[in-house]
Amino acid sequence: MNAINDILSALETHGWAVCDALIPASLTHRLFTEGQQRWEQGQFHDARIGREQQLARVTSIRGDSILWLEPESQYPASQEIFQLTGLMQQALNRYFFLGLKQMELHYARYASGTGYARHLDQHKNTTFRKITLVSYLNPEWSQADGGELVLYDPENPRLEIQRILPVAGRTVIFRSDLIEHEVLPCQKPRWSITGWFRDDERLYDMAA
Ligand SMILES: O=C(O)CCC(=O)C(=O)O
Ligand SMILES: [Fe+2]
């Protein structure tokens, strides 16, 4: 797949990549529909910060509600996204010898007025999250809706390298250990799926 090749070479050169061609429009649409249904059924919960004992809900730092996806679920779009990330994982392993073993993925819905303060996805003292993948689901999103993802330059932390508008079908992939990033406050509910390619075999550690 050309989209995967483009992502691999951008990752190699810059440590991050943006691609509008990785996830087919129909899959994005079905993921959005499934996510909205499950949101309405009350299946999401507030995202937490930190790991295990230190878990805390701090809306001023991150304002999303999340729902972990399961590969063996009754939800066809969820199953399909795992097939696609499986291919991506193979490609990443072949190209970078990362030894990735699994993917964890969750829906995220940011309430209007919230974002996610600048952070790195690899938590302190844990290195199993290697590569982050975020794919946006909102079919309509304009500059006025805010909620951009801002990536910062690892070599010059004060420098923004990119601002990415979260429009449906757009996928951002970056090194979890390297690229600090931030979600600017959004003006309407902002939907995405976010995931991490991991090199350990434990199932979810409930870190988020
Ligand atoms: O939704 C985004 O653009 C990024 C989300 C994020 O940084 C995270 O969940 O760690
Ligand atoms: Fe993040």
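The values are calculated or read from the model by the stated rules, or taken from the named source; none is laboratory data. None of the values given here were measured: they were computed from a predicted structure. All Cβ positions, even for glycine, are placed from backbone atoms using ideal geometry, and neighbour counts span all protein chains on display.
All conditions in (1) under 16 Å from the mean Cα position of the chain (by Cα); (2) of a type outside the set (Val, Ile, Thr); (3) modelled with pLDDT of 90 or more hold for ARG48, with the sole exception of (3).
Applying the criterion of being within 11 Å of ligand 1 (Cβ to nearest atom) and aromatic (Phe, Trp, Tyr) to the residues of segment 149-208, the residue that is nearest to the chain's Cα centre (by Cα) is TRP196. Looking only at segment 147-161, filter to residues that are without any contact (Cβ under 8 Å) to a residue 24 or more places away in the chain and not hydrophobic (A, V, I, L, M, F, W, C); which one of those is surrounded by the fewest Cβ atoms within 10 Å (Cβ to Cβ)? Across segment 147-161, the extreme among qualifying residues is ARG158.
Restricting attention to segment 127-145, does a residue exist that is assigned to a loop (DSSP other than H, G, I, E, B) and within 21 Å of ILE61 (Cα to Cα)? If you could, list the steps in order and put the result at the bottom.
Of the residues in segment 127-145, the ones assigned to a loop (DSSP other than H, G, I, E, B) are 127-128, 137-142.
Going one step further and asking which of them are within 21 Å of ILE61 (Cα to Cα), we end up with none.
No, segment 127-145 has no match at all.
Within 16 Å of ligand 1 (Cβ to nearest atom) and either at pLDDT 95 or above or within 27 Å of GLU148 (Cα to Cα) (or both): which single residue out of ARG38, ARG94, ARG109 fits that description? Within the list ARG38, ARG94, ARG109, the selection yields ARG109. Within the set ARG175, ARG118, the sole residue that is within 13 Å of ligand 2 (Cβ to nearest atom), touching a helix residue (DSSP H, G or I) at 6+ places or on another chain (Cβ under 8 Å) and modelled with pLDDT of 95 or more turns out to be ARG175.
If we scan segment 190-206, do we find a residue that is assigned to a loop (DSSP other than H, G, I, E, B), at pLDDT 95 or above, within 16 Å of ligand 2 (Cβ to nearest atom) and surrounded by 17 or more Cβ atoms within 10 Å (Cβ to Cβ)? Checked segment 190-206: no residue is assigned to a loop (DSSP other than H, G, I, E, B), at pLDDT 95 or above, within 16 Å of ligand 2 (Cβ to nearest atom) and surrounded by 17 or more Cβ atoms within 10 Å (Cβ to Cβ). Considering segment 121-145, the residues that are more than 11 Å from ligand 2 (Cβ to nearest atom) and under 16 Å from GLY35 (Cβ atoms) include one that is surrounded by the fewest Cβ atoms within 10 Å (Cβ to Cβ), namely GLU140.
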